[in-house]
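The values are calculated or read from the model by the stated rules, or taken from the named source; none is laboratory data. The structure displayed is predicted, hence computed values, not measured ones. Here Cβ is always computed from backbone atoms with ideal geometry, including for glycine, and neighbour counts include all displayed protein chains. In case anyone asks, the SASA skips ligands and DNA or RNA and just uses the protein heavy atoms, side chains included. Shrake-Rupley method; radii C 1.70, N 1.55, O 1.52, S 1.80 Å.
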Amino acid sequence: MKIHLKIWRQKDSQSKGEFKDYTLDDVHQELSFLEMLDTLNLKLVKKGEYPVEFDHDCREGICGQCGMMINGIAHGPLKNTTTCQLHMRSFKDGDTIYIEPFKAAAFPVVRDLKVNRSSLDHIITSGGYVSVDTGQAPEANSIPIAHEEAEAAFDAAACIGCGACVASCKNASAALFTSAKITQLELLPQGQTETSKRVISMVKQMEEEGFGHCTNTEACQVECPEDISVLNIARMNYEYNKAKILNK
Amino acid sequence: MENVLKSEIPEGPLSEKWSNYKKTAKLVSPNNRKKLEVIVVGTGLAGASAAASLAEMGYNVKSFCFQDSPRRAHSVAAQGGVNAAKNYKNDGDSVYRMFYDTLKGGDFRSREANTYRLAECSANLIDQATAQGVPFGREYGGYLRNRSFGGVQVSRTFYARGQTGQQLLLGSYQALMRQVNTGKVSLYARHEMLDLVLIEGKAKGIIARNLDTGKVERHGAHAVVLATGGYGKIYYLSTLAMGCNASAIWRAHKKGAFMANPSWTQIHPTCLPQSGEYQSKLTLMSESLRNDGRIWVPKDKNDTRKANDIPEEERDYYLERKYPAFGNLAPRDIASRSAKEQIDAGKGIGALKNAVYLDFSKAIKEYGKDIIKERYGNLFNMYKKITGIDAYLEPMKISPAAHFSMGGLWVDYELKTTIPGLFAIGEANFSDHGANRLGANSLLQACVDGYFVLPYTLQNFLADEIKQPKTDINHPEFDKAEQAVKKQIEGFLTTKGTKTAEEFNKLLGSELYDKCGLSRSKEGLEQAIKNIQDLRKAFKTDLIVPGEASEVNSELEKAGRVADYMELAELMCIDALQREESCGAHFRTEYQTAESEAKRDDTNFCYSSAWEWNNNPSNPILNKEKLIFETVTPSVRSYK
Ligand SMILES: Cc1cc2nc3c(=O)[nH]c(=O)nc-3n(C[C@H](O)[C@H](O)[C@H](O)COP(=O)(O)OP(=O)(O)OC[C@H]3O[C@@H](n4cnc5c(N)ncnc54)[C@H](O)[C@@H]3O)c2cc1C
Ligand code: SF4
Ligand code: FES
């Protein structure tokens, strides 16, 4: 099929970007979205032009490195799917596809579709862990955890750190990402002791990184490839208020 | 040459070696630790756990990865689980049994003492990960759940849904970030190591390229640890991530670190087949599907009918036919090799005739769709996401794909390479799996190396370095290494040929898969060596890389990786050619039994090959580490 592409090109964070038009004539349905971009890049490189830079690594939906806005939707039209797992069969012959980087103040553009998401790492650095050193761990079965609790913790822990929640949010808030980690660790006895300290420092860090405030539009969950629940945000807010009151 | 290699196995009976080692290993006082710097390249399970543990002890750590966050290292993609000899199931598991299973699974081609230590430290890992908040699967009573995995008779695999690697990695990533917070770890994401720097014969630093700015940087330390993962991407189509590479270990190899058993590659039987020439990746489908799926091809190679239209009597369930006892559950190497046999005989299915069927219709009839959905629902969904096909209605198409590198840098018991001050951990080394790795053992190995082994053995080394000043990155050796790296980059950019690095990787990969993959022969390998040499020449003159060195340039990154593959590929073939036996994943067609099974030769080949760089990729020197079995007598693997 024939596909028209309008791709955001931007040399670096300082330069101004713009959409450039490309057309691919012979796109097979079974190509993944990134393989479609590979074929475009192959053509560009062979012509001596600069290929479209985009982030990706595992190409199986788990590392969280890929991600772009496809027709205005983070990771594209298919629900619960990362960009690398999206295939061209989701598009029709003659379609025009707009491709842009994830946009947020806290995600500066590196080049073209590549953005810098270190701000998410900084949030984890500020407290997204259990403070246990190697060698300190007690026997694993000494702390039973109900099946349901472990499963609920897993649901939150499934976040792949892609940043789609930020990109899809009109406030560019990282509340979904941050709350998922807070919830996971709060649900497990191993993490509970540090909850109030954790929630305060992670929320503070989130603000310092330049992420916006959550106004409960819930767009994040819709575009999150892992279907991380917005209920985590409610839990985070609850824990935050509790910690603030207790710390007074 | 045989005694160049000192494996440094501690004295004492197998079960006491590691505790004996720990008792006598040298220590560094906390006060001195803060004067010492360690570079850890890689943030997968091996690298992140090592960096975090060393920082907790008080060392200053510099941690590197090429992804934009340490959490994205390819350990994240492991699905199935991680083994540990906890014996929670009371099914007779023990450290010894786990050790024996691993040794046997590896076809008696690994070092006894290392394999034993792996099993010995396994239980600790489950404790450590649980304490970090890794949400392992639980029974309703709240205790940890286990399942069984290929090649063993006990249930010792712990798992976190189908995302065990992700959850374990997040545990060690968080431990790492906690140390970033204390200031003990400096993090260098989007940095690629491009050379190792030796000063007076010791590893003292690295040259790395900042992938966001293109700047070539120097980093010094008192010791360097490589935790850079596997190099299965050399085959191009593989289950690895796009950026996985051999560059760090290969460049260390060229500075004097020996490469061991480089040709031993695990080819996984149940992956999604290639569907077109633009395909970039073969996704792994969990091995567990073989519990209920039946593998077959049409008897007639010209059969063009749809799978469901081919009647029962015209199908060949070749695994059930050839291995009645194990059937569809034959071990990975055997299942993969048999699929290749069918495909080579022209019976492959699908548009490219490169796959075999994995059929659930019998199981669905027997247990009902709901049970099958409960067991494999997520995998059927994933299959549909990628192929668009509903596997409840028609069989899956699967094919073998390169998956795991048993080979890697040679290390002794202390995980030291042949370069003083250079250590290798995780999939980057060769140590514990022999000629075939058992499922769920490599997450374990990466973790055990990083959390539990390296902190002791590196300290034993550093104890003698406390008087050494901070490494001077203005030393002439840094100049030299930096210049060499820059010169290579310049070379790529000025070749201005016609083929991209990826195109070269594809050509190399299919050559290697064909002749140094599932089965190897003298004739094929000799041909491959010649073809690889020609390809390497073409790469030097016909590569095209656009853009500049001083900017984001992913084509340039790929060129460096493929340049190393071009050399390593030849060593893999030389290694496979030299080993005139079949063992584990290494199947030489000349050395098989009348029933087409691998024929090991313990009299002549009971060693690990450790190759030494000799200024030219075609001329490596072979060193042998003889494998001595004190506790176990090697036997013949049989799955009939
Ligand atoms: C799809 C898949 C499924 C698997 N499933 C299982 C399973 O169920 N159970 C099991 O036990 N094993 C499994 N394995 C194997 C296991 O996941 C790996 O062997 C293990 O995770 C390797 O860990 P590592 O830390 O050694 O390397 P990796 O996790 O690959 O990490 C390598 C690190 O090195 C960095 N790096 C590499 N090169 C450079 C360079 N030149 N410069 C700077 N940094 C560099 C990378 O950025 C990365 O941080 C699976 C493997 C795959 C591919
Ligand atoms: S919450 Fe969802 S969208 Fe946000 S980073 Fe995690 S996986 Fe991505
Ligand atoms: S490339 Fe890893 S999630 Fe898409």
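For the residues A:129, A:98, A:50, a GNM of chain A with alpha-carbon springs under 10 Å puts the largest fluctuation on A:50.
For the segment A:47-54, counting C-beta atoms of other chains within 10 Å of every residue's C-beta and taking the mean gives 3.
Once B binds A, the 1.4 Å probe can no longer reach about 6300 Å² of accessible area, counting both sides. Overall, the accessible surface of the range B:269-401 at a probe of 1.4 angstrom is composed of carbon and sulfur to the extent of 49 percent.
Highest mean packing first, where packing is the average number of other Cβ atoms within 10 Å per residue, the peptides B:507-516, A:8-17, B:617-626 line up as B:507-516, B:617-626, A:8-17. When the trypsin sites (Lys or Arg not before Pro) in the range B:83-124 are filtered for DSSP coil states and for at most 16 other beta-carbon atoms within 10 Å of their beta-carbon, the remaining sites are B:89. May I ask you to list the lysines whose Cα is less than 24 Å away from that of residue B:17, ignoring any residue fewer than eight positions away on the same chain? Those lysines meeting the cut-off are B:6, B:26, B:86, B:104, B:416, B:624, B:626. Once you keep just the Cα pairs under 8 angstrom separated by 6 or more residues, what percentage relative contact order results for the range B:476-606? After rounding, I find 30 percent. Within the range B:300-361, none of the GluC sites (Glu not before Pro) combine a DSSP coil assignment with at most 11 other C-beta atoms in a 10 angstrom radius. Computed from Cα positions, the angle between helix B:164-182 and the longest principal axis of chain B comes to roughly 20 degrees. The spacing between the range B:239-256 and the range B:592-640, judged by their C-alpha centroids, is 23 Å.
From helices alone, chain B scores -11000 deg cm²/dmol at 222 nm; the rule is -39500 (n - 2.57) for each run of n ≥ 4 DSSP H residues, then divide by the residue total. Over all directions, the projected convex hull of the C-alpha atoms in the range B:386-452 averages 6.7 nm² in area.
Give the carbon-plus-sulfur fraction of the accessible surface of the range A:3-111 in %, rounded to a whole number; probe 1.4 Å, heavy atoms of protein chains only. Carbon with sulfur: 49 percent of the solvent-accessible area. Here the convex hull built on the C-alpha positions of the range B:293-438 has a volume of 162 cubic angstrom per residue. With a 1.4 Å probe and all protein chains left in place, how much accessible area per residue does the range B:269-401 have, in Å²? So the range B:269-401 comes to 45 Å² accessible per residue, rounded to a whole number. Computed from Cα positions, the angle between helix B:95-105 and the longest principal axis of chain B comes to roughly 70 degrees.
With a 10 Å cut-off around each Cβ of B:67-79, the average count of Cβ atoms from other chains is 6.
Counting Cβ atoms of other protein chains within 10 Å of each Cβ in A:116-125 and taking the mean gives 5. Just so you know, the Rg over Rh for the range B:438-507 is 1.21, from Cα atoms, with Rh as the Kirkwood radius. For the pair the range A:1-59 and the range B:540-582, the centres of their Cα atoms are 24 angstrom apart.
Of the residues making up the range A:77-99, those losing 30 Å² or more of accessible area when the isolated chain is joined by the remaining protein chains, with a 1.4 Å probe, are A:85, A:87, A:89. Debye-formula intensities of the protein assembly as shown, expressed as log10 I(q)/I(0) at q = 0.08 Å⁻¹, are -0.69 (one equal scatterer per alpha-carbon, no solvent). For the range A:1-67, the set of GluC sites (Glu not before Pro) satisfying both a DSSP loop assignment and a count of at most 14 other C-beta atoms within 10 Å is given as A:49. Here chain A is described by how far its Cα atoms reach on the three principal axes: 61, 37, 35 Å, from widest to narrowest.
Calculated on the Cα set of chain B, radius of gyration then Dmax: 23.9, 76 Å. Across chain B, Cα pairs under 8 Å and at least six residues apart give a relative contact order of 20 percent. Starting from a Cα-only point model with no solvent, please compute log10 I(q)/I(0) by Debye for the range B:50-134 at q = 0.12, 0.20, 0.22, 0.24 1/Å. The computed values of log10 I(q)/I(0) come out as -0.54, -1.12, -1.17, -1.19. Highest-first packing order for the peptide set B:21-31, B:218-228 is B:218-228, B:21-31, based on the mean count of other beta carbon atoms within 10 Å. Pairwise Cα separations in the range A:3-111 fall into 5 Å bins from 0 onward with the following percentages, short to long: 2, 12, 22, 27, 21, 12, 4, 0.
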